[in-house]
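Some notes on the structure that comes next.
The values are calculated or read from the model by the stated rules, or taken from the named source; none is laboratory data. These figures come from a predicted structure and were not determined experimentally. With ideal geometry, Cβ positions are generated from the backbone for all residues, glycine too; neighbour counts draw on all protein chains shown. When the accessible area is computed, the model is the full protein with side chains, heavy atoms only, and any ligands, DNA or RNA have been set aside. Shrake-Rupley method; radii C 1.70, N 1.55, O 1.52, S 1.80 Å.
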Amino acid sequence: MSGSSAPLQPPPDAVDPVRHPDAPAPGELLGSHYAECFGCGGEQPHGLHLQARAGEGVGITAEFTVQPAHQGAPGLAHGGVLATALDEALGSLNWLLRTIAVTGRLETDYVRPVPVGTTLHLEAEVTAVAGRKIYSRATGRVGGPDGPVAVRAEALFIEVKVDHFVDHGREQEIQAAMNDPDQVRRVRAFEVNP
């Protein structure tokens, strides 16, 4: 497979995803996995501050409001910011599987512009699992959860061990997260794709 990315279609032996028995209950706010995360962290002044809630099955809902710092063309959300919102929503699905995973591939379709000040309503779901590979998809709508689709994505996440973050992250941030006296925050810092 040299020089190309993994396909986004699950292989024939893929199985249906199974929600972990300890996953957050439907409707429960997932919260930030790491305060400095650009997607969901509350301590990122120009971050997305994406709010995700557990849904039914292996799905989540989320939303974020496009701020002036998120624009590309005047008055419109930057495409990379929209891809980040989709990636963050898709990464949040791993909390329902209770799996540590990172984005392996993200394919994004931009359907309509998203103006600054707009709240993007996201839905994401895991569609299949094959070994360490987790297949998922998401949509982002404007004007409400049933509004027109503005962006959509399909993704492949790869399950990893926590060593992935320790080996590849910046030592100062890794140590700060590992030394956090709050055990829940310490564990959550490494739960999903940062």
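A few remarks follow.
- Put simply, of A73, A83, A69 the only residue that is surrounded by fewer than 19 Cβ atoms within 10 Å (Cβ to Cβ) and either of a type in the set (S, T, Y) or assigned to a loop (DSSP other than H, G, I, E, B) (or both) is A73.
- Any hit, the stretch 68-80, residues being of a type in the set (G, A, S), closer than 27 Å to I134 by Cβ and more than 17 Å from the chain's Cα centre (by Cα): yes
- Single unsatisfied condition, I100 versus (1) modelled with pLDDT of 95 or more; (2) under 13 Å from the mean Cα position of the chain (by Cα): (1)
- Subset of the stretch 65-99 (residues that are of a type in the set (S, T, Y) and either touching a residue at least 60 places away in the same chain (Cβ under 8 Å) or over 22 Å from G144 (Cβ atoms) (or both)): S92, T99
- Among the residues of the stretch 120-149, those identified as under 17 Å from the mean Cα position of the chain (by Cα) and over 20 Å from A23 (Cβ atoms) are L120, H121, T139, G140, R141.
- Which listed residue is more than 20 Å from L97 (Cβ to Cβ), out of contact with any Lys or Arg (no Cβ under 6 Å at 6 or more places or on another chain) and at pLDDT 60 or above, from G169, G131, G143, G147: G143
- When residues in the stretch 142-161 are screened for being part of a strand (DSSP E or B) and either of a type in the set (A, V, I, L, M) or surrounded by fewer than 22 Cβ atoms within 10 Å (Cβ to Cβ) (or both), 11 of them pass.
- Of all the residues in the stretch 11-54, those that are assigned to a strand (DSSP E or B) and either in contact with an Asp or Glu (Cβ under 8 Å, 6 or more places away or on another chain) or surrounded by 15 or more Cβ atoms within 10 Å (Cβ to Cβ) (or both) number 4.
- Matching residues, the stretch 57-73, being of a type in the set (A, V, I, L, M, F, W, C) and closer than 14 Å to W95 by Cα: V58, I60, A62
- The stretch 93-108 - residue that is part of a strand (DSSP E or B) and charged (D, E, K, R) and, of those, least open to solvent (accessible area, probe 1.4 Å): R105
- Residue that is nearest to A69 (Cα to Cα), among those in the stretch 109-129 that are crowded, with 20+ Cβ neighbours inside 10 Å and free of Cβ contacts under 8 Å to residues at least 60 places away in the same chain: V114
- L90 under 13 Å from the mean Cα position of the chain (by Cα), open to solvent by less than 30 Å² (accessible area, probe 1.4 Å), modelled with pLDDT of 95 or more and closer than 28 Å to P12 by Cβ: yes
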